[in-house]
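Report on the structure given below.
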Amino acid sequence: MTSSAAPGLAALSPRLPSPLQEVADDRFTRRGLRLLLKRDDLIHPELTGNKWRKLAPNLRAAAGRPVVTFGGAYSNHLRATAAAGRLLGLPTVGVVRGQELAERPLNPSLARCVADGMRLHFVDRSTYRRKAEPETLAALLRAAGAEEAHVVPEGGSNALAVRGCRALGEELGEHADVVALACGTGGTLAGLAAGLAPGRRALGIPVLRGGFLVADIESLQERAFGARRGTWSLDERFHFGGYARVPAELDAFAEDFTARHGVPVERLYVAKLLYGLVVLAGEGAFPRGTTIAAVVTGRPFPASPA
C-alpha cells in the first residue's frame, strides 16, 4: 500500500461507529443498572472488533510492505491479520509460539490463517518470549525471510493501535458511566480510556494470569500519548485459569447469555468479560443508576478450545 492505503481500507466498508445495543437482563436491572453492548463484533465480517481498530492504522503504516506479526496457536489476532492480508492483497507472516506445533497438523485457527495466505513461522517458546529484543527480532525476521516487513506486535498493541482505539471511547461519548472490556495485551483499554468523556471510566477484565497488565497499559499510553490517560482499572479475577481456558461453567454461562439475548458470545474474551460483569453487579460494585457498556470485541470461532 502507498498513499492509497486509506481508500483501500475504506473499500472494506467497516461499520463505524459500531452499534450500541441495550439488553434487558434481570441480573442488572434488579440492581438498578443498565447494560449496553458496544457491538464492535459487527464492524466487519472478518476484521471484527478491536482487531479492526488496531490493525487499520498498522495496515496504513505498512505502505505496501509485508506484515509480520506474532501469536499463539489460537490467536484471534493472527486470524484477523491473515484475513486483512487476503482482502487487501498484502503478504502476511505469522510468527507462532511453539516450535513443536510445526510437527503437528494445523489446528482450525492456524489452518484458517494459512487458507487466507499467511505464511507461518514456528519458534521455540524461549525465543518467542524474547521477541521484542532488537537482536532477537532481527534474527526472527531474517529466518522468516521478512526483513523489510512492517512489524505488528503480539495482539496488535503498539502506539499506532492504541491511538486507533481512542475512537472507541470517543464513539461512546456520554452513553455510559463505565465501559468494560476483556484485555489480552491491553492495547484496546489503553486507547479506549484516553478517548472517554470526562467523568467516565474504563474497566478491564484480563483474560491471562500474571498481574502484569497495569505496567503494560501504562507503557502503551506513555508511548501513544506521552503519559497515563483517562480513568481505568483492572479486575484480575475472571481469567478462569488463563488464556484459552474455557471450563464448563464459563461455556454454560455463554450459552445462557446467547439464549437470553441472541448475541453470539466469543469464549476466550467476551464470555469472561460478561461473566465478570454479572459477578460484579451481584457484589454491588456499581451504584444504582449506573449505565455499563460492555465492548463485544469479537465473535465465536468454531473451534476455540474448551
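Below is a table of values for the structure above.
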| item | result |
| --- | --- |
| Condition broken by Arg267, with the remaining ones in (1) crowded, with 17+ Cβ neighbours inside 10 Å; (2) farther than 28 Å from Pro302 by Cα; (3) among the basic types (Lys, Arg); (4) touching a Phe, Trp or Tyr at 6+ places or on another chain (Cβ under 9 Å) satisfied | (2) |
| Hits in segment 116-129 (condition: surrounded by 13 or more Cβ atoms within 10 Å (Cβ to Cβ) and not β-branched (Val, Ile, Thr)) | Asp116, Gly117, Met118, Arg119, Leu120, His121, Phe122, Tyr128 |
| Test result for Val246, under 19 Å from the mean Cα position of the chain (by Cα) and either acidic (Asp, Glu) or closer than 21 Å to Val162 by Cβ (or both) | no |
| Segment 247-264: number of residues that are open to solvent by 40 Å² or more (accessible area, probe 1.4 Å) and of a type outside the set (Asp, Glu) | 8 |
| Inter-residue pairs, beta-carbon under 6 Å, first in contact (Cβ under 8 Å) with a residue 60 or more places away in the chain and in segment 245-265, second open to solvent by 50 Å² or more (accessible area, probe 1.4 Å) and outside any helix (DSSP H, G or I), 6+ apart | Val246/Ala306; Pro264/Arg299; Pro264/Pro300 |
| Condition met for Glu46 (more than 21 Å from Ser157 (Cα to Cα), touching an Asp or Glu at 6+ places or on another chain (Cβ under 9 Å) and charged (D, E, K, R)) | no |
| Number of positions in segment 204-246 that are over 19 Å from Ala180 (Cα atoms), part of a loop (DSSP other than H, G, I, E, B) and open to solvent by 50 Å² or more (accessible area, probe 1.4 Å) | 2 |
| Residues satisfying the stated conditions in segment 77-115, i.e. within 19 Å of Leu268 (Cβ to Cβ) and surrounded by fewer than 18 Cβ atoms within 10 Å (Cβ to Cβ) | Gly98, Leu101, Leu106, Asn107, Pro108, Ala111 |
| Output for segment 270-280, where each listed residue is surrounded by 15 or more Cβ atoms within 10 Å (Cβ to Cβ) and in contact (Cβ under 8 Å) with a residue 24 or more places away in the chain | Val270, Ala271, Lys272, Leu273, Tyr275, Gly276, Leu277, Val278, Leu280 |
| Ala161 vs. criteria under 20 Å from Glu266 (Cβ atoms) and aliphatic (A, V, I, L, M) | yes |
| Residues located in segment 23-56, provided they are closer than 12 Å to Val263 by Cβ, more than 22 Å from the chain's Cα centre (by Cα) and not in a loop (DSSP other than H, G, I, E, B) | Val23 |
| Given (1) of a type outside the set (Phe, Trp, Tyr); (2) under 20 Å from the mean Cα position of the chain (by Cα); (3) part of a helix (DSSP H, G or I), index of the condition Ala132 fails | (3) |
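The values are calculated or read from the model by the stated rules, or taken from the named source; none is laboratory data. All figures in this text were calculated on a predicted structure; none of them were measured in a lab. All Cβ positions, glycine included, derive from the backbone under ideal geometry; neighbour counts span all protein chains shown. Protein only, heavy atoms only, side chains kept; ligands, DNA and RNA dropped before computing areas. Shrake-Rupley method; radii C 1.70, N 1.55, O 1.52, S 1.80 Å.
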